[in-house]
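A.B. asks: Before anything else, here's the structure in question.
The values are calculated or read from the model by the stated rules, or taken from the named source; none is laboratory data. None of the values given here were measured: they were computed from a predicted structure. When we count neighbours, we look across all protein chains shown, and the Cβ atoms used for this are built from the backbone with ideal geometry, even at glycine. Ligands, DNA and RNA are stripped out before the accessible areas are found, and what is left, the full protein with its side chains, is counted by its heavy atoms. Shrake-Rupley method; radii C 1.70, N 1.55, O 1.52, S 1.80 Å.
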Amino acid sequence: FGCEAGAKSSTLRTLIPAAEKTGKCRVIPKAMVLRINSAAGDRVSGVTYRDADGADHELRARVVVVACSAIESIRLLLLSDGLGNAEGQLGQHVMFSTLSKAHGSFHFRDDAGRARMLRDDAPFLGRSVLDYYMPRPGDGVQKGGALNFLFPPGGPIGQSIRVALRGSGLRWGRELKQALRFYWHEQKQIDCETFGEYLANPGTRVELDPDVRDRFGLPVARIVIDRHPHDAAVSRYLAEKAEEMLSEAGADRVWKSAIAGRTMHLPMGGCRMGNDPRSSVVDRLCRVHQRKNLFVSDGSVFVSSGGVPPTHTILANAFRVGVAIRDGFVRRDW
């Protein structure tokens, strides 16, 4: 997500402006890459893209890097005559992050010290716990994940909507007013998002939809979901641990939600990395097998989702791939 004030340390704010200042980087806004073009032998020659005015252009390149986030990276490669799909692995073993939530309501009551602490209007809470990443024997799961404690997201409107929808039906009238008064003036809520490993399997995949097309006339990505039973067990285990921690912290009421859910905004896999082209799409340098100058650098190359959000791992791997590409230019490989 971007930041209107320019305060968020994202690629949009840091790396891209620095690259543009070198005079060697040009960003083409509102452009859509339609396909990656193949050259003779084991290379690609560049891309074809459509600009903001609807005109198509061919852009030649010595190296092409695909980094569209997993779903769209898979889609682009499939649209480009299935580059990387020689062994049928492209789009297979897609992963998300197993999600569950626990919530705690801390009532202000008559305790002045407690009320003063809870009424603090600090806008953010950020506390992550990895104590349960590797469960103990007997916990019933092979691997755990991360707990992230935070204030409810969405601002006052989003939070009030959730209050109105909480329970067996839509709150209205006096009941809604009382619930909103309690939520905003008599308690502080703390949520915990849990992130567990989404076990890779060939049944969760991305393919081209045979019927639905986007505004460019191209097939959209169709996501097929198949969950391993262990995902639900991890999700429940982490939510229970979060509930225990909220209770120990003094919450007057705790509850769980979104058990065995998934975070659709954290896609991984589908262009998995490996030494064997028969079971992977890219090699250890994230170069597409059988294509010397085509790289993939996003979460699609991961073989495991892990038990924490993958953003920092994606960034670290991108720098690693960047060094490999730079060294290839020095050696004149491209």
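A.B. asks: Can you list residues whose amide H is under 5 Å from ARG35's amide H, if they're 5+ apart or on another chain and H is modeled 1.01 Å from N?
C.D. replies: Counting only residues 5 or more places away or on other chains, the set is THR48.
A.B. asks: With charges only on Cβ, +1 for K and R and -1 for D and E, what is the dipole size of segment 63-120 about its Cα centre, in debye, rounded to 20?
C.D. replies: 440
A.B. asks: Which ³J(HN,Hα) values, rounded to whole Hz and listed in residue order, are derived for segment 164-179 from phi using the Karplus coefficients 6.51, -1.76 and 1.60 in 6.51 cos²θ - 1.76 cosθ + 1.60 with θ = phi - 60°, glycine and proline given as x?
C.D. replies: These are the phi-based 3J(HN,Hα) values: 5, 8, 6, x, 7, x, 6, 6, 8, x, 4, 4, 5, 4, 5, 5 Hz.
A.B. asks: Tell me, what ³J(HN,Hα) does each residue in segment 151-160 have, in order and in whole Hz, if you take phi through Karplus 6.51 cos²θ - 1.76 cosθ + 1.60 with θ = phi - 60° and put x for Gly and Pro?
C.D. replies: 6, x, x, x, x, x, 5, x, 5, 5
A.B. asks: Counting only residues 5 or more places away or on other chains, whose amide H sits under 5 Å from the amide H of ARG262 once H atoms are built in the peptide plane?
C.D. replies: LEU99
A.B. asks: Please calculate how many Å² of accessible area segment 144-194 carries per residue, with a 1.4 Å probe and no DNA, RNA or ligand atoms counted.
C.D. replies: Details: 2970 Å² over 51 residues.
Accessible area per residue, segment 144-194: 58 Å².
A.B. asks: Can I ask one more? Through the Karplus equation 6.51 cos²θ - 1.76 cosθ + 1.60, θ set to phi - 60°, convert the phi angles of segment 241-252 into ³J(HN,Hα) values in whole Hz; use x for Gly and Pro.
C.D. replies: In residue order, the calculated couplings are 5, 5, 4, 4, 5, 5, 5, 5, 6, x, 5, 7 Hz.
A.B. asks: Here's something else I'd like to know. Under a Cβ-Cβ cut-off of 13 Å, what is the net charge of the residues other than PRO153 that fall near it, where Lys and Arg count +1 and Asp and Glu count -1?
C.D. replies: Result for the neighbourhood of PRO153: 0.
A.B. asks: Quick check for me: using +1 on Lys/Arg Cβ and -1 on Asp/Glu Cβ, what's the dipole size of the chain about its Cα centre, in debye to the nearest 20?
C.D. replies: Working: 47 positive and 37 negative charges, 116 e Å.
Roughly 560 debye, rounded to the nearest 20.
A.B. asks: Counting Lys +1, Arg +1, Asp -1, Glu -1, what net charge surrounds VAL163 among other residues with beta carbon under 11 Å of its beta carbon?
C.D. replies: +4
A.B. asks: Oh, and also: Using helices alone, what [θ] at 222 nm do you get for the chain, with -39,500 (n - 2.57) per DSSP H run of 4 or more residues, divided over all residues and rounded to the nearest 500?
C.D. replies: Numbers: 7 runs with 88 residues, N = 334.
Dividing the helical sum by the residues of the chain leaves -8500 deg cm²/dmol.
A.B. asks: Still on this model: If you take the beta carbon distance between ARG331 and ASP111 as r and set R0 to 56 Å, what does 1/(1 + (r/R0)^6) give as a FRET efficiency, to the nearest 0.05?
C.D. replies: Calculated value: 0.25.
A.B. asks: Over the chain, what is the relative contact order in whole percent, taking alpha-carbon pairs under 8 Å and six or more residues apart?
C.D. replies: Answer for the chain is 25 percent.
A.B. asks: Show me the ranking of peptides 24-30, 190-196, 302-308 by mean Cβ neighbours inside 10 Å, starting with the highest.
C.D. replies: Ranking, from highest mean packing down: 190-196, 302-308, 24-30.
A.B. asks: Identify all lysines with a Cα-Cα distance to LYS143 below 19 Å; exclude those on the same chain that are fewer than 8 residues away in sequence.
C.D. replies: Answer for LYS143, where 19 Å is the Cα cut-off: LYS101, LYS241, listed by chain and number.
A.B. asks: Another question about this same structure. With unit charges on the beta carbon (Lys/Arg positive, Asp/Glu negative), name the residue among GLY91, ASN37, PRO153 whose Cα is farthest towards the positive pole of the charge dipole of the chain.
C.D. replies: ASN37
A.B. asks: Follow-up. Cβ under 13 Å from GLY113's Cβ, GLY113 left aside: what net charge do those residues give with Lys, Arg +1 and Asp, Glu -1?
C.D. replies: Residues close to GLY113 contribute a combined charge of +1.
A.B. asks: With only Lys, Arg, Asp and Glu charged, each at its Cβ (+1 for the first two, -1 for the last two), find how big the charge dipole of segment 180-306 is about the Cα centre; round to the nearest 20 debye.
C.D. replies: Once rounded to the nearest 20, the dipole reads 580 debye.
A.B. asks: Leaving ligands, DNA and RNA out of it, report the carbon-plus-sulfur percent of the accessible area of the chain at a 1.4 Å probe.
C.D. replies: 54
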